[in-house]
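The values are calculated or read from the model by the stated rules, or taken from the named source; none is laboratory data. Not measured: the values here are computed from a predicted model. So basically every Cβ, Gly included, is an ideal-geometry build from the backbone, and we count neighbours across all protein chains shown.
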Amino acid sequence: MQNRPKVSPSGSLERGYSLWFVMVVALFVVSLVLSNIVAAKIISLGGLVMSSAILIFPVSYIIGDVLTEVYGYRRARVVIWIGFACNLLVALVILGAIALPPAPFWENQSAYEAVLGVAPRLLVASLTAYLVGEFVNSYVLAKLKIATRGRWLWTRTISSTLIAQLLDTTIFTVVAFVGVYPTAELVKISLIEWGAKTLYEAMATPITYAVVAFLKAREGVDVYDTDTRFNPFLVWE
């Protein structure tokens with residue numbers, strides 16, 4: 001029989017945060033922040049043009065899958081907002097550092113701005129796409145877990161990624177670049193990014209399985225969000 005979660009009638013985990021949970025949260029935040037720092041470099045892989053954030057950004061979705069699958073939507077919701085706050089803080093600090101006057105002998109201001117700088121429009125696009133994508137990913141996975149009775153994890157992780165990454169990529173591309181680049185080019189870029197991120201997730205499925213199995217066994221939890229309210233703003237519920 002499948003190990004049932006340690007949950008209250010409302011679907012929340014018992015109070016307290018384990019070392020493993022804190023480590024997962026830390027990895028989630030680091031992967032998110034890193035993806036936004038390295039995103040400025042545009043790369044070409046096999047003729048496909050995309051942001052170098054492809055190296056790390058999909059990891060945040062994989063970790064998001066792990067969070068929801070093991071700890072449930074309620075904990076994932078808190079972590080998503082923590083990631084949002086950390087990402088916003090990093091962006092504001094970088095903008096502040098850029099705005100500070102450079103020393104007379106420091107000649108790297110232009111390079112510093114080019115690599116780390118982010119336009120307000122891009123920042124809004126990034127943060128909006130992140131929130132929509134992560135919450136949709138967590139919601140779809142949690143609902144599918146109930147529908148499948150905890151079976152076929154791969155169907156949940158890939159299905160949630162297909163939907164969430166499509167929304168994430170589309171929102172970011174539209175908000176950031178509509179009116180800047182031709183529509184046909186934006187559609188092409190969005191499809192390439194969506195396909196690459198989804199393929200990344202699919203290839204990481206064995207790792208996801210291993211991590212989920214380890215955490216469920218180690219933590220003794222396997223949350224089903226049967227009584228969870230999925231309002232993304234109920235952070236303190």
For the range 141-199, the count of residues that are among the hydroxyl-bearing types (Ser, Thr, Tyr), buried (at least 19 other Cβ atoms within 10 Å of the Cβ) and under 27 Å from Asp222 (Cβ atoms) equals 4
Do you know which of the residues in the range 60-81 that are assigned to a helix (DSSP H, G or I) and in contact with a strand residue (DSSP E or B) (Cβ under 8 Å, 6 or more places away or on another chain) is nearest to Leu215 (Cα to Cα)? Tyr71
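Is the range 128-141 home to any residue that is more than 20 Å from Thr228 (Cα to Cα) and free of Cβ contacts under 8 Å to residues at least 12 places away in the same chain?
No: zero hits.
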Going through the range 27-59 one residue at a time, which ones are part of a loop (DSSP other than H, G, I, E, B) and surrounded by fewer than 16 Cβ atoms within 10 Å (Cβ to Cβ)? Ala40, Lys41, Gly46, Gly47
I'd like to check something: does the range 137-159 contain any residue that is closer than 23 Å to Val235 by Cα and of a type in the set (Phe, Trp, Tyr)? yes
Just to verify a result, which residue in the range 162-190, among those that are hydroxyl-bearing (Ser, Thr, Tyr) and over 20 Å from Glu201 (Cα atoms), is modelled with the lowest pLDDT? Tyr181
Return the pair list, or none, for Cβ contacts closer than 7 Å from residues in the range 104-122 that are over 26 Å from Thr170 (Cβ atoms) to residues that are at pLDDT 90 or above and in a loop (DSSP other than H, G, I, E, B), at least 6 apart or on different chains. Gln109/Pro102
Of Val175, Val180, which residue is more than 23 Å from Val79 (Cβ to Cβ), aliphatic (A, V, I, L, M) and in contact (Cβ under 8 Å) with a residue 40 or more places away in the chain? Val175
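Residue-by-condition table, conditions (1) under 20 Å from the mean Cα position of the chain (by Cα); (2) part of a helix (DSSP H, G or I); (3) within 27 Å of Tyr17 (Cβ to Cβ):
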| site | (1), (2), (3) |
| --- | --- |
| Thr157 | yes, yes, yes |
| Thr161 | yes, yes, yes |
| Thr173 | yes, yes, no |
| Lys188 | no, yes, no |
| Lys216 | no, yes, yes |
| Trp236 | no, no, yes |
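Out of the residues in the range 50-98 meeting the condition of being farther than 22 Å from Leu123 by Cβ and among the aromatic types (Phe, Trp, Tyr), tell me which one is nearest to the chain's Cα centre (by Cα).
Tyr73
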